[in-house]
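See below for the structure under consideration.
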Amino acid sequence: MPILIAVFIILIVLIAVFWSRQLAFERAEYIRTFMFPSGLFDKLAALRPELEAKDRQLVARALRQFFMAYLTSGRKFVSMPSQVVDDLWHEFILYTQQYERFCQKAFGRFLHHTPAVVLGANRSNNAGIRRVWWHSCLDENINPKKATRLPLLFAIDAKLKIPNGFHYILDCKGMGKREDSTGSAIYCGGDISSTDFDGGTDGFDDSSTSDSGDTGGCGGGD
């Protein structure tokens, strides 16, 4: 009898693991193949008229990367590192019903908006930035600890020359003033694993393969 109970428990655990992985796979595929609402890119074009159609598609790809970072982190708190991607995210949220349906299918819950941020005094935001860096790097097969290039989500503002965007470079060692030719601040990918900002590296390498893992509600942002 104890053997049958043990076998039954093992079977339940295996079924639960399989179901969790299948659900995570289906949610990831949904994010990757989701068709954004008709008219959404027109909203971005009105807001950022300097962007060409191919640029707007690149912004959408970066937004998918942000959504994937939230999913693959176990739906932990994430922070948005790009101004232009934040623009598209905000416009998407204004399509209220479509965004709610997207969140339910992609995450099983509503993903609230938080403004784009960089490393600073707020420990929660810092953890969110580090977490997004980690999972965005993995999404592009980049080693987050020894990156040789920036993931799209951290590179896109500079790539598209977004005014007042968050312009990242991989390493700021040896630089003088951290600003570009337009006077915009330059941020460093190398700082993300540093303890200089808040004394820790919360969010960096705390990856979770569990689709149900969570540390405080609705992630980026509750």
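The values are calculated or read from the model by the stated rules, or taken from the named source; none is laboratory data. Quick caveat, the model's predicted, so the values are computed rather than measured. Positions of Cβ are generated from backbone atoms using ideal geometry, with glycine treated the same way; all protein chains shown enter the neighbour counts.
Scanning the range 164-193 for residues that are assigned to a loop (DSSP other than H, G, I, E, B) and modelled with pLDDT of 90 or more yields GLY165, PHE166, LEU170. Return yes or no: is PRO49 over 20 Å from ASP191 (Cβ atoms), outside any helix (DSSP H, G or I) and at pLDDT 95 or above? In short, yes. Checking each residue of the range 57-70 against the condition of being at pLDDT below 95 and at negative phi gives no match. Please name all residue pairs, on different chains or six or more residues apart, with Cβ atoms under 6 Å, provided the first residue is in the range 19-36 and is closer than 19 Å to SER73 by Cβ and the second residue is at pLDDT below 95. Final answer for the pair search is SER20/ASP211; LEU23/ASP211; ALA24/ASP211. Is there a residue being of a type in the set (S, T, N, Q) and either part of a helix (DSSP H, G or I) or crowded, with 23+ Cβ neighbours inside 10 Å (or both) anywhere in the range 107-123? Checked against the condition, which is being of a type in the set (S, T, N, Q) and either part of a helix (DSSP H, G or I) or crowded, with 23+ Cβ neighbours inside 10 Å (or both), the range 107-123 yields no hits at all.
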